[in-house]
Amino acid sequence: MANTILFFSSSLLLLLLSSTLPLHAEDPYRFFTWNITFGDIYPLGVKQQGILINGQFPGPQIEANTNDNLIINVFNSLTEPFLLSWNGIQQRRNSWQDGVYGTNCPIPPGRNFTYILQVKDQIGSYFYFPSLGMHKAAGAFGGFRILSRPLIPVPFPPPAADYTLLAGDWFKTNHTDLKAMLDGGSNLPFPDGILINGRGAYGNSFTVEQGKTYRFRISNVGLSTCLNIRFQGHTMKLVEVEGTHTVQNSYSSLDVCLGQSYSVLITADQPPLDYFIAVSTRFTTPVLSSTAILHYSNSGGSPVGSPPGGPTVEIDFSLNQARSIRTNLTASGPRPNPQGSYHYGLVNTTRTIRLANSAPVINGKQRYAVNSVSFIPADTPLKIADYYQISGVFSVGSISDNPTFGGGYLQTSVMGVNYRDYIEIVFENFETTVQSWHIDGYSFFVVGMDGGPWSSESRKSYNLRDGVNRCTVQVYPNSWTAIYMPLDNVGMWNVRSENWARQYLGQQFYMRVYTPSTSLRDEYPIPKNALLCGRAAGRRTRPL
């Protein structure tokens, strides 16, 4: 079913009364019906089993306005369980809709589940993806954009068009075989290519008119590598990063690490020809590359020359670029005056959490860990076990606040934190590969990043004025990245590597943001339609 906006009717009122969301007459509802199927795809010229949404690869674009309510009915027509998650959508007070195994039971084959979520107080560029196993290597991802409400000023003129560019590395191997490699204790091979909107080189064309300006929302939906993007003969003006309007710096090339999303403006100010859009891997040997076409509507011919080259293994270039990305302090966000009555750099943190990634071999198999703990899924989603107070599923405090530098071990790791605390998290990377970290349910202020070990003295270099507020951040080899985060969203939230093999093999944990309050002002109750599995099977959710 196409995306539609419906206002109050008798049938809609019935739906609202049974939902987990409060009744807000001013916020429209958008309805989606998605059928998830296997289908043949040929993104790199080789037949593969893909995961399609309504027959599409990639899946349909979601477009909403701030505070819209989204009703997404997902029918699982696969032969295996399935879940969708929403990268960067904060699910305010509502981790029940997050769509990862720590919060949701998978949708069984032949069944459906209706996600009921609100894009509360958000704008920006995001994406959705399948979160179970290695489904992400088979498709079922798509763009997710949230537009500003009318009358909320945006710090640039409306573009002539708004394009989504989903780029990522890709494997020709079936997702089930990739999963078997990881289950067998091996790492994944090097990717076979790069896809742009589900197609290989020259598979996409974006039409522009000379003299006009266009918005490109760029997301790295891949599994294992950072990417760099260039527009031949054109500069990119960065305007938004994962919901934050940025200082409008111009770049000739832009690094986009795993799970990250950026918005840039491209002005069609060159002679009327076709131009290459080049995407290549960063920090890899060899370097993979792919291209799309920026097509002028009055084009006089094909691109001239070769696709523009970009940086390859240079870390300092990427580090300095990442530091240059700052918040536009004069811009509005989802509401006017996004800073509110306080500024993030003037609030004292109440706790420091240091997280170090590692790659231990455990029981003869390659695993990945955080503070020496390699996460293993429980038999019951953690949020559901917490709600029903089912003992023995997990233990709060089963991961340390600091690196242990000891041998790796398996554990269903859950960190307990308190609602409304204000914390500092330092990601420490003692390995030789770039890491990419994401926290569900939150955006956070990136206050610092640098090479070498982190210490309390590192705080002297923090940016406490205009650090960018985002949900996914990179950590360079033998380096650290520090963030400040207000714990303003109750729930059970996934903290994970966006390198999907590392996530699958344990480089993740859950953060339980706790309050003793049972008020709906702090957290919504369990949805009436929640799927129950594991030790919660057979229980009831709540009365109609």
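The values are calculated or read from the model by the stated rules, or taken from the named source; none is laboratory data. Because the structure is predicted, anything quoted here is derived from the model rather than measured. Reconstructed Cβ throughout: ideal geometry from the backbone, glycine too, with neighbour counts over all protein chains shown. The area values use the complete protein model at the heavy-atom level, side chains included, leaving out ligands, DNA and RNA. Shrake-Rupley method; radii C 1.70, N 1.55, O 1.52, S 1.80 Å.
With R₀ fixed at 60 Å, the C-beta to C-beta distance from residue 49 to residue 517 puts the FRET efficiency at about 0.80. Rg ratio for the range 42-140: its Cα radius of gyration over 2.2 N^0.38 Å, N being its residue count, equals 1.11. Using a probe of 1.4 angstrom and keeping all protein chains present, the accessible surface of the chain works out to 37 square angstrom per residue.
Full extension of the chain between residue 432 and residue 389 gives 11.4 nm of extra length, using 0.36 nm per residue less the Cα-Cα distance. For the range 29-151, the antiparallel share of DSSP beta bridges with both residues in that region comes to about 65%. Counting heavy atoms of the protein chains alone, residue 431 has an accessible area of about 40 Å² for a 1.4 Å probe.
When you filter the trypsin sites (Lys or Arg not before Pro) in the range 484-523 for DSSP loop state and at most 10 other Cβ atoms inside 10 Å of their Cβ, you are left with 521.
Using a cut-off of 23 Å between Cα atoms, the listed pairs 47/136; 179/365; 120/212; 136/172 include 120/212 as exceeding that distance. Between residue 111 and residue 160, the distance separating the two model label sites (each 7 Å from Cα on the Cα→Cβ line) works out to 5.0 nm. Which residues in the range 225-255 place their backbone N less than 12 Å from a point set 7 Å from the Cα of residue 330 along the Cα-to-Cβ direction? Counting backbone N atoms under 12 Å from the label point, the list is 247-248.
Residue separation of residue 541 and residue 187 scaled by 0.36 nm, minus their Cα-Cα distance, works out to 123.5 nm of gained length. Taking 4.7 Å between beta carbons as the limit, the unpaired Cys residues of the chain are 471. Evaluate the relative contact order of the range 365-501 (contact order divided by residue number), counting alpha-carbon pairs under 8 angstrom at least 6 apart; express in whole percent. It rounds to 28 percent for the range 365-501. Among the protein heavy atoms of the chain, carbon and sulfur supply 52% of the accessible surface, probe 1.4 Å, non-protein parts ignored. Gain on full extension, evaluated as 0.36 nm per residue between residue 35 and residue 80 minus their Cα-Cα distance, stands at 14.8 nm.
The label-point distance for residue 298 and residue 235, in a model that sets each label 7 Å from Cα toward Cβ, rounds to 2.4 nm.
Using a simple spin-label model with pseudo-atoms 7 Å out from Cα toward Cβ, residue 464 and residue 250 lie 3.5 nm apart. Rounded to the nearest 500, the helix-only mean residue ellipticity at 222 nm of the chain stands at -2000 deg cm²/dmol, with each DSSP H run of n ≥ 4 adding -39,500 (n - 2.57). Taking the Cβ of residue 118 as the centre, find all other residues whose Cβ is under 10 Å away and add up their charges (Lys, Arg: +1; Asp, Glu: -1). My count for the surroundings of residue 118 gives 0.
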